[in-house]
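Peer 1: The structure that follows is given in the form of structure tokens.
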Amino acid sequence: MENKEIIESGNAVLGIEFGSTRIKAVLINDKYEPIANGSFTWENSLENGIWTYPLEQIHEGLQTCYADLKKDVQEKYGIKLTKFKSAGVSAMMHGYLAFDKDNNLLVPFRTWRNTITGEASEKLSGLFNYPIPERWSISHFYQAILKKEDHIKNVDFVATLAAYIHWKLTGEKVIGTGDASGMFPVCFGSSNDEVIYNPEYCKKFEDLPEVKAFGFEINKVFPKVVNAGKAAGNLSKEGALFLDPTGDLQAGIPLCAPEGDAGTGLVGTNSVKPKTGNISAGTSVFSMVVLEKDLQKVYPGIIDIVTTPDGYPVAMVHANNCTGEHNYWINLFDEVVKTMGFTAPLGDFYEKLITKSLEADKACGGLLAYNYLSGETITGFTSGRPLFARSENANFSLANFMRTLMFSSLGALRCGMDILYKENVEVASMTGAGGYFKTQAGLKYMAAAMKTSVSAMETAGEGGPWGMAILASYAAENSSDSLADFLNNKVFGSCKKTTSEAEKELIESFDIFYKRYMDGLAIEKAAVETLN
């Protein structure tokens, strides 16, 4: 009844996140608890060598996800969803959505997954002496300039997916600090609550002859940065109809700045203070550690420097591939069972088969797998080939097979984390979120691979949209608290979590596999060269 009244009075808060495989919406109450949700399943496609989602599918996915949320509200509370206190949109970071002055999309959306901007990434990293990864928006933009792509002459606005959706809903060309830091390097402006694109780097970029020829200016082409807690526009009449074509949704609802999935992951795991960190493990996997001081060296392609939603530096290790390949194997096992005339919930396959992996041999039976559905920059691959290999005398059991798949999901991540450990970066706590942590085995394996304790909060299953709803609440409440204090004092004060210590035997098991993984990269290279 209490939640019903909160929804009816318009005091619930909405968070929406565009993930790689699902678009999810969460409605929260005044205690920051999820009270309704909706979703839409989708998948990127490889079109003409570009990983993309069609614009029509982006629109359809958003509307279907919101309709599913409305349905959930109707079924749970018997009421129609027409308004809420505030809202926010987040999405997978980086990528390239370029529009002309008439708001037409110039080329299909180029997602973070693409590894086609190596030349631009290398040149910009050298120009700035700052790591500019291939997936960043500025890399895509500059690569298109270097290739003299025909559309470049018409570019008026470049956005991330979250910034684009926010623009559609509010008419405002703005972006949250964390998401902006994955477009172009940012820094604090005149105060610690103002964040801007780094002026020194802006000038260096704009002074490049090939850029100067078009007269591009970062602050005109990229969306304006809005820090956490600040207003970022209101839902327009057109935006309300775009989100809810039935016309039930009221306009005028305030929105916070759109964020990236890295930022919502930090918020959703209470990891915005120095020496805290989180790991988001789903289709891709990335770890983020909030830094006390700058790293001693620059590690292009391995360690990125992004920020928390309130502007503090974060060392980010991002691997393009995580659970995607073992999802294919689980679906294959499901098909086998159905072929035999049996049925079981898909969730049972994940739970039982992954739990079975805890029975594996210490050396995983000598099995080897690579989960490279796409390129993996950390290990030097611009293209990927999922691969399973074993020696003729390997112990090919189900437990060994499943542990190998789980370990393979963390191989590239471990490469980057090893560098942070060598830099003596202190990590007081790590918190996990995402599909990899849905089983206790996943939590154990992550702790072993990271060589430190890893926790999963009871809210971790809500993931990005919940983190986005928290950011929308923070902006709506106009709190004088810092984001870290707001999370500690109001959101996570009584939150329960499960912690897995790094177990010696599993650390040793992962290390054995990891050596095999690194030694076997030549096999993956041969697969890329051979399997076209």
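The values are calculated or read from the model by the stated rules, or taken from the named source; none is laboratory data. Since the structure is predicted, the reported quantities are computational estimates derived from the model, not experimental observations. Backbone-built Cβ (ideal geometry, glycine too); neighbour counts: all protein chains shown. When the accessible area is computed, the model is the full protein with side chains, heavy atoms only, and any ligands, DNA or RNA have been set aside. Shrake-Rupley method; radii C 1.70, N 1.55, O 1.52, S 1.80 Å.
Peer 1: Which order do 47, 508 take when ranked by solvent-accessible area (1.4 Å probe, heavy atoms of all protein chains), largest first?
Peer 2: Per-residue accessible area, sorted high to low, gives 47, 508.
Peer 1: Follow-up. Using a 1.4 Å probe, how large is the accessible area of residue 516, given in Å² and rounded to the nearest 10?
Peer 2: Here the residue's solvent-accessible area equals roughly 50 Å².
Peer 1: Note down the relative contact order for the chain as a percent, whole number, built from C-alpha pairs under 8 angstrom at least six residues apart.
Peer 2: About 16 percent, as a whole number.
Peer 1: Please get the size of the charge dipole for segment 191-251, origin at its Cα centre, with Cβ charges of +1 on Lys and Arg and -1 on Asp and Glu, quoted in debye to the nearest 20. Write out the running numbers ahead of the final one.
Peer 2: Working: 7 positive and 10 negative charges, 25 e Å.
So the dipole magnitude of segment 191-251 works out to roughly 120 debye.
Peer 1: Right, next: What does the convex hull of the Cα atoms of segment 439-496 come to per residue, in Å³, rounded to a whole number?
Peer 2: 96 Å³
Peer 1: So what's segment 131-277 giving for Rg/Rh, alpha carbon basis, Kirkwood Rh from the mean inverse pair distance?
Peer 2: 1.01
Peer 1: Could you state the per residue volume, in Å³, of the convex hull enclosing the Cα atoms of segment 1-157? Working shown, then result.
Peer 2: Details: hull volume 21.4 nm³, N = 157.
For segment 1-157, the hull spanned by Cα atoms encloses 136 Å³ per residue.
Peer 1: Return one whole number: the accessible area per residue of segment 243-367 in Å², for a 1.4 Å probe.
Peer 2: Value for segment 243-367: 39 Å² per residue.
Peer 1: Across 5 Å bins from 0, what is the distribution of all Cα-Cα pair distances for segment 204-307, in whole percents?
Peer 2: Per 5 Å bin, starting at zero, the Cα-Cα P(r) for segment 204-307 comes out as 2, 9, 12, 13, 14, 16, 14, 11, 6, 2, 0 percent.
Peer 1: Accessible surface of residue 417 in the full protein assembly, 1.4 angstrom probe, to the nearest 10 Å²?
Peer 2: Per-residue accessible area (residue 417): approximately 0 Å².
Peer 1: Now, a different point. Farthest toward the dipole's positive end in the chain, which of 424, 228, 140, given Cβ charges of +1 (Lys, Arg) and -1 (Asp, Glu) about the Cα centre?
Peer 2: So the residue we want is 424.
Peer 1: Please report, for the Cα atoms of segment 27-95, the Rg to one decimal and the Dmax as a whole number; what are they, in angstrom?
Peer 2: 15.2, 47
Peer 1: Roughly how many nanometres apart are two label points built 7 Å out from the Cα toward the Cβ at residue 358 and residue 275?
Peer 2: Here the modelled spin labels are 3.2 nm apart.
Peer 1: How much accessible area per residue does segment 80-151 have, counting only protein heavy atoms and a probe of 1.4 Å, in square angstrom?
Peer 2: Solvent-accessible surface per residue comes out at 34 Å².
Peer 1: For segment 190-243, divide the Cα radius of gyration by the Kirkwood radius and give the resulting Rg/Rh value with two decimals.
Peer 2: For segment 190-243, the value is 1.14.
Peer 1: Across 10 Å bins from 0, what is the distribution of all Cα-Cα pair distances for segment 334-384, in whole percents?
Peer 2: 18, 27, 37, 16, 1
Peer 1: Among 369, 245, 54, whose Cα lies farthest out toward the positive end of the dipole of the chain, if unit charges sit on the beta carbon of Lys, Arg (+1) and Asp, Glu (-1)?
Peer 2: In the chain, that residue is 369.
Peer 1: Let me ask something else. For the chain, just run the numbers: alpha carbon Rg, then divide by 2.2 N^0.38 Å, N being how many residues it has. The partial results should precede the final answer.
Peer 2: Values: Rg = 22.5 Å, N = 532, 2.2 N^0.38 = 23.9 Å.
The chain yields a ratio of 0.94.
Peer 1: Hey, another quick one. Which sequence of 69, 521, 241 reflects their accessible areas, 1.4 Å probe, from the largest down? Present the calculation step by step, with values, prior to reporting the outcome.
Peer 2: Numbers: 69 0, 521 30, 241 100 Å².
Listed by decreasing accessible area, they come as 241, 521, 69.
Peer 1: With all protein chains present, calculate the accessible area of residue 336 using a 1.4 Å probe and round the result to the nearest 10 Å².
Peer 2: Estimated to the nearest 10 Å², residue 336 gives 80 Å².
Peer 1: I'd like the antiparallel share, as a percent to the nearest 5, of DSSP beta bridges with both residues in the chain.
Peer 2: The answer is about 70 percent antiparallel.
Peer 1: Okay, moving on. With charges only on Cβ, +1 for K and R and -1 for D and E, what is the dipole size of segment 109-207 about its Cα centre, in debye, rounded to 20?
Peer 2: Once rounded to the nearest 20, the dipole reads 320 debye.
Peer 1: In deg cm²/dmol, rounded to 500, what helix-only [θ] at 222 nm does the chain give when every DSSP H run of at least 4 residues adds -39500 (n - 2.57) and the total is split over its residues?
Peer 2: When only DSSP H runs of four or more count, the value is -11000 deg cm²/dmol.
Peer 1: In segment 170-307, if the dipole is taken from +1 on Lys/Arg beta carbons and -1 on Asp/Glu beta carbons about the Cα centre, which of 184, 266, 298 is farthest to the positive end?
Peer 2: Farthest towards the positive pole: 298.
Peer 1: On to the next question. Rounded to the nearest 20 Debye, what is the dipole magnitude of the chain about its Cα centre when Lys and Arg each give +1 and Asp and Glu each give -1 at the C-beta?
Peer 2: 280 debye
Peer 1: Between segment 204-273 and segment 131-184, how far is it from one alpha carbon centroid to the other, in angstrom?
Peer 2: Centre-to-centre (Cα) distance: 11 Å.
Peer 1: Quick check on packing: order 76-82, 441-447, 207-213 by the mean number of other C-beta atoms within 10 Å, highest mean leading. Kindly include the intermediate steps, with their values, before the conclusion.
Peer 2: On the way: 76-82: 15.1, 441-447: 24.0, 207-213: 12.1.
Highest-to-lowest ranking by the protection proxy: 441-447, 76-82, 207-213.
Peer 1: Rounded, prolate or oblate for segment 98-206? Axes are the square roots of the Cα gyration tensor eigenvalues, ordered a ≥ b ≥ c, and the cut-off for rounded is a/c under 1.5.
Peer 2: Oblate is the answer for segment 98-206, as a/c is 1.5 or above yet b/c matches or exceeds a/b.
Peer 1: Now, a different point. How many lysine pairs in segment 211-319, separated by 8 or more positions in sequence or lying on different chains, have Cα atoms less than 22 Å apart?
Peer 2: Count of close lysine pairs: 7.
Peer 1: Project the alpha carbons of segment 76-132 onto their principal axes and report the range along each, largest first, in whole Å.
Peer 2: 57, 29, 19
Peer 1: Hey, what did segment 113-236 get for relative contact order, percent, Cα under 8 Å, at least 6 apart?
Peer 2: This gives 26 percent for segment 113-236.
Peer 1: Over segment 1-77, what relative contact order in percent results from Cα pairs under 8 Å that are six or more residues apart?
Peer 2: 26 percent
Peer 1: Compute log10 of I(q)/I(0) for segment 270-367 with the Debye formula, placing one identical point scatterer on every Cα and leaving out solvent, at q = 0.13 Å⁻¹, to two decimals.
Peer 2: Normalising to I(0) and taking log10 leaves -0.69.
Peer 1: What percentage of the solvent-accessible surface of the chain, computed with a 1.4 Å probe over protein heavy atoms, is contributed by carbon and sulfur atoms? Write down the numbers at each step before the final one.
Peer 2: Numbers: 10520 of 21400 Å².
The nonpolar share, carbon plus sulfur, comes to 49 percent.
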